[in-house]
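Trainee: One structure is given below, represented as structure tokens, and several questions about it will come after.
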Amino acid sequence: MKIGVLALQGAVTEHIRSISLAGADGVPVKRVEQLEDLDGLIIPGGESTTIGKLMRKYGFMEAIRQFSEQGKPIFGTCAGLIVLAERIDGHEEAHLKLMNMTVARNAFGRQRESFETDLVVKGIDEPIRAVFIRAPLIMEVGSDVEVLSTYKDEIVTARQGHLLAASFHPELTDDFRLHQYFIEMVEASRTGVQ
Amino acid sequence: METGTATVKRGMAEMQKGGVIMDVMNAEQAKIAEAAGATAVMALERVPSDIRAAGGVARMADPTIVEEVMKVVSIPVMAKARIGHYVEAKVLESLGVDYLDESEVLTPADEVFHIDKWDFTVPFVCGAKDIGEALRRIGEGASMIRTKGEPGTGNIVEAVRHMRLINSQIRKVQNMSKDELYAEAKNLGVSYDLLKSVHESGKLPVVNFAAGGIATPADAALMMHLGADGVFVGSGIFKSDNPEKFARAIVEATTHYEDYKLIAEVSKNLGTPMKGIEISKLSPAERMQDRGW
């Protein structure tokens with residue numbers, strides 16, 4: 001099984017490390033051709049404006065939408081969550097528009113308000129340590145989206161079929177259980193079980 | 001729930017990786033930088049080359065400029081405080097700046113002590129010429145390191161020297177025995193624990209960017225090739241003929257630093273980059289990299 005990490009900008013090596021801790025192979029993805037032999041894709045944290053611009057520039061918008069149409073799982077963390085969303089609060093144009101949800105950028109405030117906390121995530125036994133950095137949150141989701149965790153009544157993890165999104169950074173800790181969860185999604189999609 | 005932890009502060013720098021952080025002097029430049037794909041902007045009153053030209057004492061920017069920039073962009077905003085100037089740093093933190101740079105570009109306020117950076121919720125980036133400086137700053141609480149280079153010169157040679165030196169010192173430390181590490185910690189004037197973490201991981205415990213003299217897309221790509229996690233571009237962008245095009249070209253060259261055809265493409269018709277200064281023409285007093293210890 002091969003999982004790509006979109007490597008235009010952001011915390012790429014951290015995700016590759018978490019993927020390998022969870023027992024799969026992670027590779028950085030800089031060109032659309034590389035998507036062909038991947039089973040799943042992670043869109044990492046970074047600056048969503050930068051990542052979105054570079055995705056448009058190099059043809060990733062269409063290529064990743066096609067990747068998703070094949071039912072191949074995609075996991076977005078922080079900036080990656082923003083990139084996946086159908087709607088961004090405010091006037092900003094959305095990017096991939098794959099997940100039926102509205103997100104707010106920098107929803108918890110500036111860097112001084114960034115924090116870490118223990119978070120209960122549906123489908124994972126014990127709470128995970130979640131690091132929120134200038135994090136977005138999910139304001140509302142469509143009926144086809146399952147909420148996996150909330151923090152102070154705000155949605156911070158969600159899943160829509162083969163798509164997974166988290167406001168925080170599971171790649172910044174040694175706890176790889178959310179990556180494990182994603183890898184199980186990829187396994188299921190490979191064997192045709194959703 | 002905890003704010004200002006080492007993970008949160010260092011993590012913020014991880015999110016900047018592969019990116020370009022641009023110096024801006026007003027809201028208009030900040031918007032150009034954001035539109036070009038900058039991952040953060042550094043709000044300043046003057047870029048380093050203007051500080052050189054103006055002479056005198058360089059201090060933290062007028063808070064009006066910092067606030068103006070924070071208002072118009074959604075990407076993180078950084079600002080510089082003088083080395084050792086605790087109060088300038090606290091003032092900038094109170095404005096809500098996302099990252100502080102305790103910077104040799106400004107005139108140092110203290111010739112002995114750097115700021116105790118653990119005492120802040122907001123993370124710090126600091127300059128370093130070698131592994132000793134880098135680990136001393138990290139020991140004081142810095143969450144991100146950048147090469148000092150020689151700011152405002154448009155000459156990459158010093159940034160290259162610093163990046164190469166830090167990386168070769170890391171390789172040397174990696175191969176040391178435990179007893180050698182104790183002696184090396186003393187020689188470098190750094191904490192044994194930090195040195196041990198470098199010995200074990202083969203890298204600094206925080207992100208290491210390149211700064212000080214990057215003037216072209218190829219310069220940015222060179223620093224990435226040498227192992228930088230990302231780049232700061234100071235005077236290079238807004239001292240060039242076409243800042244917008246220049247900024248976009250540097251962003252692309254940083255992402256695709258191994259794609260030489262692409263770098264050639266984005267380097268076409270960029271106009272004249274900043275003029276640049278030969279390092280040997282600087283008097284010792286003009287060398288910003290020698291500020292701090």
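Trainee: What is the number of the single condition among (1) away from chain A (no Cβ under 13 Å); (2) more than 21 Å from A:Ser48 (Cβ to Cβ) that B:Ala43 does not meet?
Mentor: (2)
Trainee: While we're here: Across region A:86-107, what is the total count of residues that are within 13 Å of chain B (Cβ to nearest Cβ), in a loop (DSSP other than H, G, I, E, B) and not charged (D, E, K, R)?
Mentor: So the count comes out to 4.
Trainee: Something else: So, in region B:1-40, how many residues would count as being more than 7 Å from chain A (Cβ to nearest Cβ) and among the polar types (S, T, N, Q)?
Mentor: Total meeting the criteria: 3.
Trainee: Against the definition (touching a helix residue (DSSP H, G or I) at 6+ places or on another chain (Cβ under 8 Å) and either in contact (Cβ under 8 Å) with a residue 24 or more places away in the chain or of a type in the set (Phe, Trp, Tyr) (or both)), how does B:Thr153 come out, yes or no?
Mentor: So B:Thr153 fits the description; yes.
Trainee: Across region B:109-154, what is the total count of residues that are buried (at least 24 other Cβ atoms within 10 Å of the Cβ), β-branched (Val, Ile, Thr) and in a loop (DSSP other than H, G, I, E, B)?
Mentor: Total satisfying the criteria: 3.
Trainee: If you don't mind, there's one more thing I want to ask. If I ask for residues that are surrounded by fewer than 16 Cβ atoms within 10 Å (Cβ to Cβ) and of a type outside the set (Gly, Ala, Ser), which ones from region B:182-191 would you list?
Mentor: Across region B:182-191, the qualifying residues are B:Tyr182, B:Lys186, B:Asn187.
Trainee: Okay, moving on. List the number of the failed condition for B:Leu195; all other conditions in (1) out of contact with any Asp or Glu (no Cβ under 7 Å at 6 or more places or on another chain); (2) not in a loop (DSSP other than H, G, I, E, B) hold.
Mentor: Single failed check for B:Leu195: (1).
Trainee: Assuming B:Ala35 fulfils every condition listed in (1) in a helix (DSSP H, G or I); (2) surrounded by 20 or more Cβ atoms within 10 Å (Cβ to Cβ) apart from one, which condition is it?
Mentor: It is condition (2) that B:Ala35 fails.
Trainee: Does region A:61-80 hold any residues that are of a type in the set (A, V, I, L, M) and surrounded by fewer than 21 Cβ atoms within 10 Å (Cβ to Cβ), and which are they?
Mentor: A:Met61, A:Ala63
Trainee: Just name the residue that is surrounded by the fewest Cβ atoms within 10 Å (Cβ to Cβ) out of those in region B:238-261 that are among the acidic types (Asp, Glu) and within 12 Å of another protein chain (Cβ to nearest Cβ).
Mentor: As a first pass, look at region B:238-261 and keep what is among the acidic types (Asp, Glu): B:241, B:244, B:252, B:258-259.
Among the residues that remain, those that are also within 12 Å of another protein chain (Cβ to nearest Cβ) are: B:252, B:258-259.
Numbers: B:Glu252: 27, B:Glu258: 10, B:Asp259: 16.
Applying the filter and picking the extreme gives B:Glu258.
Trainee: Sticking with this structure for a sec: Check A:Ala130 against each of (1) within 17 Å of A:Pro73 (Cβ to Cβ); (2) touching a residue at least 40 places away in the same chain (Cβ under 8 Å); (3) of a type in the set (A, V, I, L, M, F, W, C); (4) in a strand (DSSP E or B) and name the one condition it does not meet.
Mentor: The single condition A:Ala130 does not satisfy is (1).
Trainee: Of the residues A:Val83, A:Val156, which is within 14 Å of chain B (Cβ to nearest Cβ), part of a strand (DSSP E or B) and buried (at least 18 other Cβ atoms within 10 Å of the Cβ)? Working first, answer last.
Mentor: On the way: A:Val83 fails: part of a strand (DSSP E or B).
Only one candidate passes the filter, namely A:Val156.
Trainee: Identify all residues within region B:220-237 that are surrounded by 24 or more Cβ atoms within 10 Å (Cβ to Cβ) and either part of a loop (DSSP other than H, G, I, E, B) or in contact (Cβ under 8 Å) with a residue 60 or more places away in the chain (or both); write none if there are none. Lay out the reasoning, then the answer.
Mentor: As a first pass, look at region B:220-237 and keep what is surrounded by 24 or more Cβ atoms within 10 Å (Cβ to Cβ): B:220-221, B:223, B:228, B:230-237.
Selection gives B:Ala220, B:Met223, B:Ala228, B:Gly230, B:Val231, B:Phe232, B:Val233, B:Gly234, B:Ser235, B:Gly236, B:Ile237.
Trainee: Regarding region B:67-74, can at least one residue be identified that is farther than 24 Å from B:Glu286 by Cβ, assigned to a helix (DSSP H, G or I) and facing chain A (nearest Cβ under 10 Å)?
Mentor: yes
Trainee: Filtering region B:238-288 down to residues that are of a type in the set (S, T, N, Q) and in contact (Cβ under 8 Å) with a residue 60 or more places away in the chain, which residue is farthest from A:Leu8 (Cα to Cα)?
Mentor: B:Thr254
Trainee: OK, next. Out of curiosity, is A:Val12 modelled with pLDDT of 95 or more, crowded, with 24+ Cβ neighbours inside 10 Å and within 23 Å of B:His256 (Cα to Cα)?
Mentor: Numbers: modelled with pLDDT of 95 or more: yes; crowded, with 24+ Cβ neighbours inside 10 Å: yes; within 23 Å of B:His256 (Cα to Cα): yes.
So A:Val12 passes the test.
Trainee: Test B:Leu106 against the stated conditions and say whether it is buried (at least 19 other Cβ atoms within 10 Å of the Cβ) and assigned to a loop (DSSP other than H, G, I, E, B).
Mentor: yes
The values are calculated or read from the model by the stated rules, or taken from the named source; none is laboratory data. Computed from a prediction, not measured in an experiment: that's the story for all the values here. When we count neighbours, we look across all protein chains shown, and the Cβ atoms used for this are built from the backbone with ideal geometry, even at glycine.
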